[in-house]
Amino acid sequence: MLLVCSSRCGGRLFRALFAEVEVDASGAYQDHRVTQPSYVCLNCGAPALDLGAVPAELEAQAQEEEASSSAVADVLCPVCETMVQLDANMECPNCGSPLEVS
Ligand SMILES: [Zn+2]
Ligand SMILES: [Zn+2]
């Protein structure tokens, strides 16, 4: 787990919103259990984000981008007959004619 303040105030202390604290008969702290992974920044009160959970999401996004960027097609420009690799840019880099992937 790597908590950061969502408003980036630089606070380093966070409070678990849903935690059960176990005490002994005199009320002294013994142990605690976080019942829900939800935290706030003690410095400014903004919700905290768990950066430890982010890399998996970023990886999934990167894989999606890879999949969409692999949809590249070679097209022959009908105007100047240049072989063009189409990706997001749908016009001929040579003469500027609009191209379509067939
Ligand atoms: Zn903060
Ligand atoms: Zn062209």
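No lab work stands behind these numbers, since they all come straight from the coordinates. Fair warning: this is a prediction, and the values are worked out from it, not measured in the lab. All Cβ positions, glycine included, derive from the backbone under ideal geometry; neighbour counts span all protein chains shown.
Under the Karplus relation 6.51 cos²θ - 1.76 cosθ + 1.60, θ = phi - 60°, what is the ordered set of whole-Hz ³J(HN,Hα) values for the range 6-19, x standing for Gly and Pro?
6, 9, 6, 7, x, x, 10, 10, 9, 10, 6, 6, 10, 9
Skipping prolines and chain starts, which residues have an amide H placed within reach, meaning under 5 Å, of the one on L86, given they are 5 or more residues away or on another chain?
A73, D74, V75
Cut-off 16 Å, label point 7 angstrom out along Cα-to-Cβ of C9: give me the residues of the range 25-58 whose amide nitrogen falls inside.
The answer is 39-49.
For the chain, what does -39500 (n - 2.57) per DSSP helix run (n ≥ 4), summed and divided by total residues, give at 222 nm, in deg cm²/dmol to the nearest 500?
-5000 deg cm²/dmol
Note down the magnitude of the dipole of the chain about its Cα centre, charges +1 on Lys and Arg C-beta and -1 on Asp and Glu C-beta and zero elsewhere, to the nearest 20 debye.
The calculation lands at about 700 debye.
Could you give the Stokes-Einstein D for the chain in µm² per second, using the C-alpha Kirkwood radius, 10 °C, 1.306 mPa s?
Answer from the Stokes-Einstein relation: 85 µm²/s.
Label points 7 Å out from Cα along the Cβ direction at A28 and A53: separation in nm?
Spacing of the two 7 Å Cα→Cβ label points: 3.5 nm.
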